[in-house]
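The structure appears below as structure tokens.
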């Protein structure tokens, strides 16, 4: 096996056809893929079903956020479709409780999105929050545990503090992961793969450093090799 099962490649690409081509180019370099809002309205769920049929794990990064009844029904629909292994919802207590109810009886794991890694303290202040990113993340982590979430999505910079306050099997999925020397892009709170794992992350989400590489399969394999060394 050339891939580390903790590596999730983000298929944040303009079309399903390009995403499927990318999966083929990565080959044995990755066995876990993220499908987000960019692909959802243009065949993302159908792509997820094909990936699951091909033996891949799938992270449905849909960040559900609505009234509790709607989140519960949407989660149930997604769970019944059996096209994903992980699903994100916004880490607000009523939303998380509804999602936990909706996935009842299925193997779908629900993650609460704490604070997006593209946000920093200045952006949160502009949005009207009275606390910085780290304090807000910790508050939402505690609420996620209380709501019965399987894990959270958080910056790798907060992973160590999160790991110290959650159950041992609680998932910490970290975007904002960049190999040493890679462009940070629009991410504000980032870390290398090795540092993210050392800090307590259970899974790493990597997009452009893999999908934007000249050889995506080699890029994914190199990241997996770094991860296996931790």
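Sorted ascending by nearby beta carbons within 10 Å, beginning with the fewest, 111, 60 become 60, 111.
When the chain is treated as a GNM with alpha-carbon contacts under 10 Å, the residue of 86, 204, 124 showing the greatest mean-square fluctuation is 124. Computed extension gain for residue 50 through residue 67, at 0.36 nm per residue and net of the alpha carbon distance, reaches 3.1 nm. For the residues 209, 68, 41, a GNM of the chain with alpha-carbon springs under 10 Å puts the largest fluctuation on 41. Between the entries [x] 25, 22, 16; [y] 30, 17, 17; [z] 23, 21, 17, the label attached to semi-axes √(5λ) of the Cα gyration tensor in Å calculated for this structure is [x]. What full-extension length gain, to one decimal in nm, is calculated for residue 160 and residue 202 as 0.36 nm per residue of separation minus the Cα-Cα distance? Net length gain for the segment: 14.0 nm. Averaging Cα coordinates gives a centre for the range 21-81 and one for the range 126-149; these two points are 25 Å apart. Listed from fewest to most Cβ neighbours within 10 Å, the set 127, 96, 227, 22 follows the order 127, 22, 227, 96.
Build a GNM of the chain with springs between Cα atoms under 10 Å apart, and of 88, 174, 21 the one that fluctuates most is 21. Label-to-label distance, residue 28 versus residue 135, with points set 7 angstrom from Cα along the beta-carbon direction: 5.1 nm.
Read the figures in this text as sums done on the coordinates, not as results from a lab. Small disclaimer: the values here were computed from a predicted structure and weren't measured. Please note: Cβ atoms are built from the backbone with ideal geometry, for glycine as well, and neighbour counts cover all protein chains shown.
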